[in-house]
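Asks: I'd like to ask some things about the structure below.
The values are calculated or read from the model by the stated rules, or taken from the named source; none is laboratory data. Predicted, not measured: the structure shown is a model, and the values here were computed from it. Heads up, the Cβs are rebuilt from the backbone with ideal geometry, glycines too, and the neighbour counts pull from every protein chain shown. These accessible areas exclude ligands, DNA and RNA; they are computed on the full protein's heavy atoms, side chains included. Shrake-Rupley method; radii C 1.70, N 1.55, O 1.52, S 1.80 Å.
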Amino acid sequence: MKEINIKGDIIVNDMAWMYDWFGIDYTCPKNIIDALSDANGDEVAFKINSHGGLIEAASEIYAEIRSYKGKKTARIMGMAASAASVIATACYCEMSPTALFMMHNVSASGVSGDHLDMEHQAEVLETADKTMAAAYVAKTGKSEDEILSLMAKETWLDANRALELGLIDKIMFDETSINLPLSNMANLLENNLMNTTSFASIPSDMIEKLIKNQQNQKEDLLNVKKQKLESELRLLKLGGKI
C-alpha cells in the first residue's frame, strides 16, 4: 500500500515554491496527481492532518481522489478542517479517536469595493458554500440544507459525532466496530447460518448504514434487509416480541 500525506496548508500549485523555500508543510494538487500516478492503480492511503486552505485546490484534489480507480482510504490522523475535511470525504475514511473534523462556510480575504461589490462577493461565497456542501451531501446522504446549517455554525466534530453523521466510515483502533465483509454475510445467508429469527435482532439503522456505505454491493444487503423482514414476520406469527 502506498501512503500519501495530506498535511499542512492546502494550496494551488503556483504557491508550492514558496512553501518549499521556507520548509513549510503543504499539499497541492500536483503532489496528489503525481503520487496517484506513481501508485498506478495500487491501493493507497491518504494520511490527513491539515487545517485546510484554498477551496479550488481542495476541489481538484477531491476530484482526483474520487477518480482514482484503485482501492483508496483516507485516514484523519490529527485534523481535517475546512478544505481538508472536503478532501477527507472523497473516499472511505477512518478517523483517529483523538482527531478533529471541522466544516464551515467559505470565507474571503482582501475584499474591497463598494456595496455592490460586497453584495456580489456575498453571492459568490454562498455559491462556494454550496459547492463544498456537495461533497458532504454525497458522503452522508443528508440534505443540502442540513449540511449548510452545520457549515454556518462552524461545526467541530470528534470521531464519534463524525461517524454518527456519516462523514467518516470508521473510528481507527476501534475493535468493536462492525467490519464484516458483505461477501461473508452473503455466505452466512446461503448456508442458513443466520436463519429463523436471528435477523430480527439486527437494528434497522445498522442495515441502512451498510447499504449507504457499500453501494457497490447493494444486492447482498437488500437480501439481508429482506431476511430481517421475513424474520420479523415469523416472530409475529409465533406470537413472539420483536
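Asks: Considering 116, 36, 125, which residue is touching a Gly at 6+ places or on another chain (Cβ under 9 Å), assigned to a helix (DSSP H, G or I) and not β-branched (Val, Ile, Thr)? Give the derivation first.
Replies: Numbers: 116 fails: touching a Gly at 6+ places or on another chain (Cβ under 9 Å); 125 fails: touching a Gly at 6+ places or on another chain (Cβ under 9 Å).
When all the criteria are applied, what remains is 36.
Asks: Something else: Restricting the search to the range 49-65, which residues are farther than 21 Å from residue 105 by Cβ, in contact with a strand residue (DSSP E or B) (Cβ under 9 Å, 6 or more places away or on another chain) and either part of a helix (DSSP H, G or I) or open to solvent by less than 20 Å² (accessible area, probe 1.4 Å) (or both)?
Replies: 65
Asks: Given the structure, is residue 88 under 11 Å from the mean Cα position of the chain (by Cα) and open to solvent by less than 10 Å² (accessible area, probe 1.4 Å)?
Replies: Criteria met by residue 88.
Asks: Any chance the range 165-180 includes a residue that's within 17 Å of the chain's Cα centre (by Cα), at pLDDT below 75 and open to solvent by 70 Å² or more (accessible area, probe 1.4 Å)?
Replies: So far as the range 165-180 goes, yes, one or more of its residues are within 17 Å of the chain's Cα centre (by Cα), at pLDDT below 75 and open to solvent by 70 Å² or more (accessible area, probe 1.4 Å).
Asks: Could you grab the pairs with beta carbons closer than 8 Å, sequence gap of 6+ or different chains, first residue in the range 69-83 and without any contact (Cβ under 8 Å) to a residue 24 or more places away in the chain and in a loop (DSSP other than H, G, I, E, B), second one hydrophobic (A, V, I, L, M, F, W, C) and open to solvent by 30 Å² or more (accessible area, probe 1.4 Å)?
Replies: none
Asks: Tally up the residues in the range 34-92 that are in contact with a Pro (Cβ under 7 Å, 6 or more places away or on another chain) and of a type outside the set (Asp, Glu), please.
Replies: 2
Asks: Could you grab me the full set of residues in the range 20-31 that are open to solvent by less than 10 Å² (accessible area, probe 1.4 Å) and out of contact with any helix residue (DSSP H, G or I) (no Cβ under 6 Å at 6 or more places or on another chain)?
Replies: Correct list: 27 only.
Asks: Would the range 32-46 turn up any residue that is without any contact (Cβ under 8 Å) to a residue 60 or more places away in the chain, farther than 21 Å from residue 14 by Cα, open to solvent by less than 40 Å² (accessible area, probe 1.4 Å) and under 15 Å from the mean Cα position of the chain (by Cα)?
Replies: yes
Asks: Would you call residue 108 among the small types (Gly, Ala, Ser), surrounded by 15 or more Cβ atoms within 10 Å (Cβ to Cβ) and over 22 Å from residue 30 (Cβ atoms)?
Replies: Here the answer is no, as residue 108 does not meet what is asked.
Asks: Also: Would the range 67-77 turn up any residue that is more than 23 Å from residue 42 (Cα to Cα) and more than 14 Å from the chain's Cα centre (by Cα)? First the steps, then the outcome.
Replies: Of the range 67-77, the ones more than 23 Å from residue 42 (Cα to Cα) are none.
Within the range 67-77 (the criterion being more than 23 Å from residue 42 (Cα to Cα) and more than 14 Å from the chain's Cα centre (by Cα)), the answer is no, since none of the residues qualifies.
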